[in-house]
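Just so it is clear, none of the values below were taken in a lab; they were calculated from the coordinates. Everything quoted here is computed from the prediction, not taken from an experiment. As a convention, Cβ positions derive from the backbone with ideal geometry for all residues, glycine included, and neighbour counts pool all protein chains shown.
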């Protein structure tokens, strides 16, 4: 084999090694091994590799080969205009320095690498499609390497290979990172809809945002619909415990701007932004460096039915503060936070839609039952109390949430049938005659008819709830009314409301007697257990009282 | 320069060219150019490249170089055990065929490439970490290429480079495809929450699923809570117009299995699955080949407030049918459809929660106002009609949805204050005395108090709605009651309900006179416009009548 053939074989072996290295897909591993191959190929003793950060126009010290003790330099940043590296980057051509120590451009912090003083250096800029990608510096290479054009051509081959591999690895890492963040986002926004509880919802959103954006703190500010002020609703992350009940006056601060204009604002250095509202930091002790602020913009929601469409609205704003690791906010951070915030705004609005309708319903029911109770001045507040007692009994008995809800509503309506009893009977001060007595005893039936005639029993939410209305005057021994049902014929709802109703009657003031004590009431209930009342329901009421769940008419007014 | 030096330079030039090619990131471009480089390097006249499909154990004809007229072969698949390619793949080593036509393993479909008969062939298997990736075939290369080890080493270098580049390009393409699908998923599940309208919701989900999974059809089946049957709620894609109101009996079909067990089922060939319910295809004419079926599983939802927690529930199932391009369902399809279906189930449940509460509220209001109307047998249905007329007027006037909603509720409640007027006055057949008359005229004030005392006015949903109750007997000229307001002092709600109330009084039967005609009513209203009633509201009512929105008491009963 001639010497040239040997060199050809060596070259092929080096290129093969480069191929093997390129088969690794992690960027750091690839960079280290490629630099090592270049150092070996050039018969040098050490090498360093910098990658270029175009946003800051800086070179980041990424890899050092041949000198384990210099690894602490990794991560350092230098101005991309300075030093030999800067010169090579600007000119786009390699620079050979025969004596590093004598070169005025040389950064003296790097005294020696691998325990050997630095003498010669070959500095090679890395570019892709004309854009700077980084710089390689190789140290203490022999003069012969420089004098051999094939050798230099081979090194350039390896470095151009390095650049394309860096680019591919970067594209893949970025794509995978985006994929991972998207996956996380899917999980987060899916999980948001599993609650309509506003506080729980806000807490989840902010905790997720803190983690997903890797920032020091996040907060949600909701617009006070009357004053327009922005009120801190929830803060997550560093200093959040100091952040209670803060308020930014309408139109003030970066958040005020965002909420008024609907724009997203990124400020990577708030010290230069005149809009920044300093009072919050002053109150909390938190030092805000950078802010990403997005509007909480809920879209038009097609509610359907009688409410039709609910118009879009900016309900407030969300802030992410201080990206960790001294990063600036990236375009990706902005998009991610934006998506999260719009979903949050929608779900906040949905929960509000639900809560509005629910509280409207609850208050209307309370208003109606209150009005019915008022027909008889001695039953003021009776329906509400019977409902409270019934719910307490059901909770002691361990009924599920959905049944408790039905019982709560239906027990509140237990006397609704009285709306059909004429005032002349309902408000009669003296004794009722036989016909009047008969009519009065029809109120459970009228109640059931009230539900039936208005198709209320077809609703899943009120399933079986007629029992509270129809059966709350039945007795286990069959001596009750209107149907004289016995034992198992009486539903659980009927039994519960019967106990609650009798207890309220005993512990309330009547025209002809004062309220009795709770202890006396329990004696009477226990005496009636088994014949009139259900024993388990009576004991559940007594047990609920020991748990502080039962307050009589007197106790409520006191 | 020696001949060896020339060859060294040529080699370096070839490797440089390979680097340039590798800088492209699309797989097809890279494959074509690399094959071209290999053909040139080997001094051959044509080449072909196959990629290996491990799922089907087939080679896919991917690229042909040197023969434009053979491009129609691209995409063809051959058994990976057959031919010279199969032999090279099995042995893992290159095969040189000195005379293609004489080799019995040769596939004779490829007679010639580039107009030149095929003579010699070099067949090189492509592997990565021992796994087969594909095969390269190079045709009509000179004997000298084979005899030169450096030449062969260079070709192996290029082919190993090709393999790593294929792998990297594939990883990147896959990651980007997943990223794109995730991005689409984020957009879809975000958009789901912008409607609580169940039908619109189901329609959106299925259309998105059809597109995202690239399947022929999708459908949603909801569980009938009484019978357990699965009822087709919505179908999207091919044959969907034939798919109305289909029903699968409880426990039948793949969907029945999925709904009962909560499992996801994939069947890539339904003809072999005994669970497949053939009746639906028979009815619709659609031919089901493959099914991906997932449960619609709504999670526990924290509703908060009085309803507490709503338990998890399988509400039905979703099906995707027949992936396009003869694909099988992939793991990714399954995960995607699963995520989409669980989000859909949650949003379906949320919309149901809202709709349940909303319809409960609406019916309770109807029941209450109906009961109030019943106090006076001649006002049966009055509140409902006044509400309908008020809404019709508001729609003619172009009020926004949110105000119309408030008007609908508050006009229905306009006489709720009568609940405090004693029966003796309300039901008195003859003329009221002065005191009774005064008490009767207090009902608008009692109505307003009813709202105030029950904190109903604090609700956003009822903002300003007291006006309908308090001002529906006021007159523009100040001669109304209870406060004798004039002109602008009377709110729009007050004016609208006044017109609706008067119109219903005129067109309803009274003990002392029959109902008047609509035309006569309009004459009376127009006569009162400007003094008693608001002219614009009167005209809006008349205009609503021409649009078919107004039905009187008589017309409703007829």
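Nearest 10 degrees, 0 to 90: what angle lies between the long axis of helix B:198-213 and the longest principal axis of chain B (Cα atoms)?
Result, in degrees: 10.
How high is the FRET efficiency from residue A:187 to residue A:81, r the C-beta distance, R0 35 Å, rounded to 0.05?
Once the sixth-power term is evaluated, E becomes 0.20.
Report, for residue B:555, each distance to the same residue's label point in the other copies, shortest first and in nm; define the point 7 Å along Cα→Cβ.
5.7
Enter the mean number of other protein chain beta carbons within 10 Å of the beta carbon of each residue in B:117-123, as an integer.
Averaged over the peptide's residues, the number is 0.
Just want to confirm a number: the relative contact order over chain B, from Cα pairs under 8 angstrom separated by 6+ residues, in percent.
It rounds to 8 percent for chain B.
Using the per-residue mean of other Cβ atoms lying within 10 Å as a proxy for protection, in what order, highest first, do the peptides A:492-500, B:118-126 fall?
Peptide ranking by packing, descending: A:492-500, B:118-126.
Nearest 10 degrees, 0 to 90: what angle lies between the long axis of helix B:331-374 and the longest principal axis of chain B (Cα atoms)?
Roughly 0 degrees, rounded to the nearest 10.
Using 0.36 nm per residue, how much length does the chain from residue A:486 to residue A:279 gain when fully extended, once their Cα-Cα distance is taken away?
Result: 67.5 nm gained on full extension.
Given the convex hull of the Cα atoms of region B:193-347, what is a quarter of its surface area in nm²?
If you wrap the Cα atoms of region B:193-347 in a convex hull and average its projections, you get 9.4 nm².
Report relative contact order for region A:185-322 in percent, whole number only (criteria: Cα-Cα under 8 Å, sequence separation at least 6).
Here the relative contact order equals 23 percent.
Give me the angle, in degrees from 0 to 90, between the Cα long axis of helix B:518-528 and the longest principal axis of the Cα atoms of chain B, rounded to the nearest 10.
Helix B:518-528 sits roughly 70 degrees off the main axis of chain B.
Where does the protein assembly as shown land on Rg/Rh, using Cα atoms and the Kirkwood Rh?
1.12
Under a point spin-label approximation (7 Å from Cα along Cα-to-Cβ), what is the residue B:546-residue A:131 distance to one decimal in nm?
6.6
Taking square-rooted eigenvalues a ≥ b ≥ c of the alpha carbon gyration tensor, is chain A rounded, prolate or oblate, where a/c under 1.5 means rounded and, failing that, a/b exceeding b/c means prolate?
Cα axes put chain A in the prolate bin.
Would region A:12-68 count as rounded, prolate or oblate if I go by the C-alpha gyration tensor, calling it rounded below 1.5 in a/c and otherwise prolate when a/b exceeds b/c, oblate otherwise?
Oblate.
Hey, got the average number of other protein chain Cβ atoms within 10 angstrom for residues in A:456-463?
Per-residue shielding by partner chains comes out at 4.
Place the label 7 angstrom along Cα→C-beta at residue B:325 and in each other copy, then list the distances from the first to the rest in nm, shortest first.
Once sorted, the set of distances for residue B:325 reads 3.5 nm.
Order B:59-66, B:526-533 from most to least packed using the mean count of other Cβ atoms within 10 Å.
B:59-66, B:526-533
Could you work out [θ]222 nm for the protein assembly as shown from helices alone, using -39500 (n - 2.57) per DSSP H run of at least four and dividing by all its residues? Round to the nearest 500 deg cm²/dmol.
Helix-only estimate at 222 nm: -15500 deg cm²/dmol.
On average, how much area does the Cα convex hull of region A:102-210 cover when viewed from any direction, in nm²?
Averaged projected area of region A:102-210's Cα convex hull equals 12.3 nm².
For region A:375-557, compute Rg over Rh where Rg is the Cα radius of gyration and Rh is the Kirkwood radius from the inverse mean 1/r over Cα pairs.
Dividing the radius of gyration by the Kirkwood radius yields 0.94.
How far apart, in nm, are the 7 Å Cα→Cβ label points at residue B:378 and residue A:211?
7.0
Could you tell me what percent of the DSSP beta bridges with both partners in the protein assembly as shown are antiparallel, to the nearest 5?
Percentage antiparallel, nearest 5: 95.
Can you tell me the relative contact order of region B:1-142? Whole percent, Cα pairs under 8 Å, sequence separation 6 or more.
23
Where does each of B:281-292, B:387-398 land if you order them by average Cβ count within 10 Å, highest first?
In descending order of packing, they fall as B:387-398, B:281-292.
Taking a label point 7 Å from Cα toward Cβ, how far is residue A:440 from its twins in the other copies, in nm, shortest first?
Spacings between copies for this position, smallest first, are 3.0 nm.
Within 10 Å of each Cβ of B:165-176, how many other protein chain Cβ atoms are there on average?
Taking all residues of B:165-176 together, the mean is 4.
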